[in-house]
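Asker: Following this message is one structure expressed as structure tokens.
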């Protein structure tokens with residue numbers, strides 16, 4: 001089996017997609033909401049399409065859903081050039097409020113998983129001693145990688161919460 005690694009941003013977006021599906025929404029909505037949290041700046045439809053990998057038409061559909069729910073807001077940017085004005089979208093305070101419980105839940109879940117992995121690494125699980133053999137080296141490497149991944153993911157989630165709290169002030 002080929003070892004395929006993904007970067008932290010992709011892992012965060014996949015988590016947001018899964019959360020959206022568990023909440024009864026679609027994957028696209030989770031990815032776009034995740035991009036707003038990560039980028040933390042206003043973006044237009046074209047930027048979101050490039051970052052998400054979706055078509056502009058699909059992004060437009062997701063943006064309409066997010067606008068209807070009040071999670072994002074839209075600003076018209078007027079220019080001196082002819083044609084349609086540029087629309088930029090930004091995560092509204094309500095969007096952060098909606099995302100916050102999910103972020104907190106994910107932090108708690110990841111922290112719990114990390115605690116269990118550290119327990120295994122130290123040689124016990126649920127109070128039972130673990131016998132280690134030479135064959136366990138690969139498993140220990142995987143545990144180390146997973147602990148590191150969780151630590152970095154929690155740091156990203158905590159940073160998103162800090163940004164939200166600073167915007168509320």
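Asker: If you check 165, 140, which single one turns out to be at pLDDT below 75, loosely packed, with under 13 Cβ neighbours inside 10 Å and assigned to a helix (DSSP H, G or I)?
Answerer: Every option except 165 fails the conditions.
Asker: A follow-up question, please. Test each condition in (1) more than 16 Å from residue 160 (Cβ to Cβ); (2) surrounded by 14 or more Cβ atoms within 10 Å (Cβ to Cβ); (3) in contact with a helix residue (DSSP H, G or I) (Cβ under 6 Å, 6 or more places away or on another chain) for residue 40 and report the one that comes out false.
Answerer: Result: residue 40 fails condition (1) only.
Asker: When you check residue 104 against the structure, is it in contact with a helix residue (DSSP H, G or I) (Cβ under 6 Å, 6 or more places away or on another chain), at pLDDT below 80 and either assigned by TED's automatic domain parsing to the domain that holds residue 156 or on the phi < 0 side of the Ramachandran plot (or both), yes or no? Spell out how you get there, then give the answer.
Answerer: Values: in contact with a helix residue (DSSP H, G or I) (Cβ under 6 Å, 6 or more places away or on another chain): no; at pLDDT below 80: yes; either assigned by TED's automatic domain parsing to the domain that holds residue 156 or on the phi < 0 side of the Ramachandran plot (or both): yes.
Judged against the criteria, residue 104 is not a match.
Asker: Quick test of your reading of the structure: residue 116 fulfils all but one of (1) at pLDDT below 75; (2) under 27 Å from residue 9 (Cβ atoms); (3) touching a strand residue (DSSP E or B) at 6+ places or on another chain (Cβ under 9 Å). Name the failing condition by number.
Answerer: Result: residue 116 fails condition (1) only.
Asker: Tell me yes or no: at least one residue of the range 78-87 is surrounded by 13 or more Cβ atoms within 10 Å (Cβ to Cβ) and within 17 Å of the chain's Cα centre (by Cα).
Answerer: No, that holds for no residue.
The values are calculated or read from the model by the stated rules, or taken from the named source; none is laboratory data. Keep in mind the model is a prediction, meaning the values are calculated, not measured. All Cβ positions, even for glycine, are placed from backbone atoms using ideal geometry, and neighbour counts span all protein chains on display.
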